[in-house]
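First comes the structure, then the notes that go with it.
The values are calculated or read from the model by the stated rules, or taken from the named source; none is laboratory data. From a predicted model like this one, the values you see are computed outputs, not experimental measurements. Neighbour counts run over all protein chains shown; Cβ positions are idealised from the backbone, glycine included.
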Amino acid sequence: MPFTVSCLQPRFIWIYAFAAVLTWAYHPCQAQETVGADDVIRLGSQQLAYIDLDRTAEVWQAASPVLKAQVGLPEFAAGIRAGRGALAVIPGRSWVLVNRVTYGEGSGAGVPAGRYASVNYLTSLGEKRVLSELVSFRLEADGRWRLSGYVPKFLP
């Protein structure tokens, strides 16, 4: 299926191939313009700020009903802690890629129909450790973009 890069920060060109493959794996549908890249980055940064402060209950409470139907608060919080570990100090975080997609009914993607947007961050943890963080949102019936997924992954 086609992959469209919506927005790519120039200083991370070297990671383009990795980010493209990673994003395609999570969003294998045609990209659609539904929300500005700056808005997705702002939303993602806000969610990560709460996650960094271990305020996962607040993140879960404001999340999409799609996310809440898949995972309860205890599992959500435990999953974040297990995926990230304890991150007391974050020396740096930069967004790499913004993607927007629309899934139709019966798309075979395994997610409910709707409009989705995601932003991929690279988070520097010092000592040559890098964490990839994919933050996804779904446009809900009330017109608000709500968190629909968070996937942390340490890079080799």
message = Suppose we filter the stretch 33-51 for residues that are acidic (D, E) and either more than 16 Å from L97 (Cβ to Cβ) or at pLDDT 90 or above (or both); how many remain?
response = 2
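Considering only residues that are in contact (Cβ under 8 Å) with a residue 12 or more places away in the chain, more than 25 Å from E58 (Cα to Cα) and among the charged types (D, E, K, R), which ones fall in the stretch 90-148?
Initially, the stretch 90-148 is screened for residues in contact (Cβ under 8 Å) with a residue 12 or more places away in the chain, giving 90-103, 107, 109, 111-112, 114-126, 129-140, 145-148.
Remaining after also requiring more than 25 Å from E58 (Cα to Cα): 96-97, 101-103, 107, 109, 126, 129-130.
Across the stretch 90-148, the qualifying residue is only R129.
Modelled with pLDDT under 95 and surrounded by 14 or more Cβ atoms within 10 Å (Cβ to Cβ): is that true of V119 in this structure? Can you show your working first?
Working: modelled with pLDDT under 95: no; surrounded by 14 or more Cβ atoms within 10 Å (Cβ to Cβ): yes.
Answer is no for this residue.
Among the listed residues S64, S94, which satisfies the condition of being more than 24 Å from L155 (Cα to Cα) and among the hydroxyl-bearing types (S, T, Y)?
Numbers: S94 fails: more than 24 Å from L155 (Cα to Cα).
Sole residue among the options that is more than 24 Å from L155 (Cα to Cα) and among the hydroxyl-bearing types (S, T, Y): S64.
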inquiry  = Exactly one of these conditions fails for W60: (1) assigned to a strand (DSSP E or B); (2) of a type outside the set (V, I, T); (3) touching a Lys or Arg at 6+ places or on another chain (Cβ under 8 Å); (4) within 24 Å of G36 (Cα to Cα). Give me its number.
reply    = (1)
request  = Run down L139, L73 and say which single residue is farther than 23 Å from A37 by Cα and surrounded by 13 or more Cβ atoms within 10 Å (Cβ to Cβ).
outcome  = L73
ask   = What's the number of the condition A25 fails, among (1) modelled with pLDDT of 95 or more; (2) in a helix (DSSP H, G or I); (3) not acidic (D, E)?
value = (1)
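If the requirement is being modelled with pLDDT under 50 and in contact with a Pro (Cβ under 7 Å, 6 or more places away or on another chain), which of these qualifies: Q9, Q30? Spell out the reasoning first.
Details: Q9 fails: in contact with a Pro (Cβ under 7 Å, 6 or more places away or on another chain).
Only one candidate passes the filter, namely Q30.
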ask   = So is W95 modelled with pLDDT of 90 or more, within 13 Å of Y150 (Cβ to Cβ) and either surrounded by 14 or more Cβ atoms within 10 Å (Cβ to Cβ) or touching an Asp or Glu at 6+ places or on another chain (Cβ under 9 Å) (or both) or not?
value = no
